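S.K.: Sending over a structure as structure tokens; questions will come in a sec.
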Amino acid sequence: MSGILGETWRMYRTYARHLLTIAFVVYVVAALLEALLAGTLGRLGALLSLIVGIIAASLLQAALVKAVEDVRDGRADMSLGATLQAARPSVGRVAVASILAGIAIGLGLILFIAPGLFLLTIWCLIVPVLVLEGVSIGASFGRSRQLVRGFGWQVFGPLVAVFLVLIVGDIVIGLSLASLPDVLRRILSGLISGTLVAPFLALVVTLAYFRLLSAQNSATGHG
């Protein structure tokens, strides 16, 4: 896991246009749909917009994992449409697994902190496992734990560093938009931070997945 952040940053800069375009398109379409539903259907629209947001977030996670897999050979072969189409079969499983993991990690952080950080570390590869290996929701938790086993601290360190950078980034974006009206500020802040952050997170976890998979294969004599 040595140098994972450096590799992430190099690939982020190299494929920024491709990865950020995917994130931007998904965020914009989702935001427009959410605003339309919430503005025209009242409480039902608010509920539907929440569902749209969950689906969009899951589609984006899956699509970015596929995009990172695609560019690992040094070039982006898949178009935006092809990437989203390749991610589509994983959306439901990614959504459910992300919600379950989020609840468990959130409770762990609120109640004791350490258990939440532990769960965050061992489950950080759930999305790449779901998208790239096609396993079930339940199996993804165990598979992620299996890949991380023996590399916990090496995984935990980059995750903490990434989240600290993201927090600082959110603060900077929030301050830069502070003069805008409240609603517009929230919309733009979410769009900008999401577009910039989602590809970076996807690179971290997907590259970590491939590194840990390679380490596991080497240890077992496969691949």
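The values are calculated or read from the model by the stated rules, or taken from the named source; none is laboratory data. Remember, predicted model here, so these are calculated numbers, not experimental data. Virtual Cβ from ideal backbone geometry, glycine too; neighbours counted across all protein chains shown.
S.K.: When region 89-128 is examined, which residues are found to be part of a helix (DSSP H, G or I), over 15 Å from the mean Cα position of the chain (by Cα) and not aliphatic (A, V, I, L, M)?
M.R.: Within region 89-128, Pro89, Gly106, Gly108, Pro115, Gly116, Phe118 qualify.
Conditions (1) in a helix (DSSP H, G or I); (2) free of Cβ contacts under 8 Å to residues at least 60 places away in the same chain; (3) farther than 18 Å from Leu188 by Cβ; (4) aliphatic (A, V, I, L, M), marked per residue:
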position	(1), (2), (3), (4)
Ala30	yes, yes, no, yes
Arg43	yes, yes, yes, no
Leu50	yes, yes, yes, yes
Asp70	yes, yes, yes, no
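S.K.: Further question on the same structure: What are the residue pairs meeting all of these: first residue in region 124-141, first residue in contact (Cβ under 8 Å) with a residue 12 or more places away in the chain, second residue outside any helix (DSSP H, G or I) and crowded, with 19+ Cβ neighbours inside 10 Å, Cβ atoms under 7 Å, and 6 or more apart or on different chains?
M.R.: Short answer, once both residue conditions are applied: Phe141/Trp123.
S.K.: Find the residue count for region 153-187, including only residues that are of a type in the set (Ser, Thr, Tyr) and either at pLDDT below 85 or not in a loop (DSSP other than H, G, I, E, B) (or both).
M.R.: Of all residues in region 153-187, those of a type in the set (Ser, Thr, Tyr) come to 176, 179.
Applying the additional criterion that residues be either at pLDDT below 85 or not in a loop (DSSP other than H, G, I, E, B) (or both) yields 176.
So the answer is 1.
S.K.: Looking only at region 43-58, decide whether some residue is of a type in the set (Lys, Arg), more than 26 Å from Met11 (Cα to Cα) and modelled with pLDDT under 95.
M.R.: Step one: filter region 43-58 for residues of a type in the set (Lys, Arg), giving 43.
With more than 26 Å from Met11 (Cα to Cα) added as a condition, the list becomes 43.
Now restrict to residues that are modelled with pLDDT under 95: 43.
Yes, the conditions are met somewhere in region 43-58.
S.K.: Condition test on Leu84, is it over 18 Å from Tyr209 (Cα atoms) and either at pLDDT 95 or above or aromatic (Phe, Trp, Tyr) (or both)? Before you say what the answer is, go through the steps one by one.
M.R.: Numbers: over 18 Å from Tyr209 (Cα atoms): yes; either at pLDDT 95 or above or aromatic (Phe, Trp, Tyr) (or both): yes.
Yes; evaluated as a whole, the condition is true for this residue.
S.K.: Could we say that Val131 is hydrophobic (A, V, I, L, M, F, W, C), at pLDDT 90 or above, under 19 Å from Ala23 (Cβ atoms) and in a helix (DSSP H, G or I) here? First the steps, then the outcome.
M.R.: Values: hydrophobic (A, V, I, L, M, F, W, C): yes; at pLDDT 90 or above: yes; under 19 Å from Ala23 (Cβ atoms): yes; in a helix (DSSP H, G or I): yes.
Here the answer is yes, as Val131 does meet what is asked.
S.K.: Moving on to the next point. If Arg211 satisfies all but one of (1) buried (at least 17 other Cβ atoms within 10 Å of the Cβ); (2) more than 26 Å from Ile99 (Cβ to Cβ); (3) of a type in the set (D, E, K, R); (4) without any contact (Cβ under 8 Å) to a residue 40 or more places away in the chain, what's the number of the condition it fails?
M.R.: The number of the failed condition is (4).
S.K.: Any residue in region 101-121 that is among the hydroxyl-bearing types (Ser, Thr, Tyr) sitting within a Cβ distance under 6 Å of a residue that is assigned to a helix (DSSP H, G or I)? List the pairs, counting only those 6 or more apart or interchain.
M.R.: Thr121/Gly152; Thr121/Val155; Thr121/Phe156
S.K.: Something else: Given the conditions (1) within 26 Å of Pro89 (Cβ to Cβ); (2) in contact (Cβ under 8 Å) with a residue 12 or more places away in the chain, which single one is not true for Ser189?
M.R.: Among (1) within 26 Å of Pro89 (Cβ to Cβ); (2) in contact (Cβ under 8 Å) with a residue 12 or more places away in the chain, the lone unmet condition for Ser189 is (1).
Table: residues versus (1) among the acidic types (Asp, Glu); (2) surrounded by 13 or more Cβ atoms within 10 Å (Cβ to Cβ).
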| site | (1), (2) |
| --- | --- |
| Ser58 | no, yes |
| Ala63 | no, yes |
| Val68 | no, yes |
| Asp77 | yes, no |
| Leu80 | no, yes |
| Ile110 | no, no |
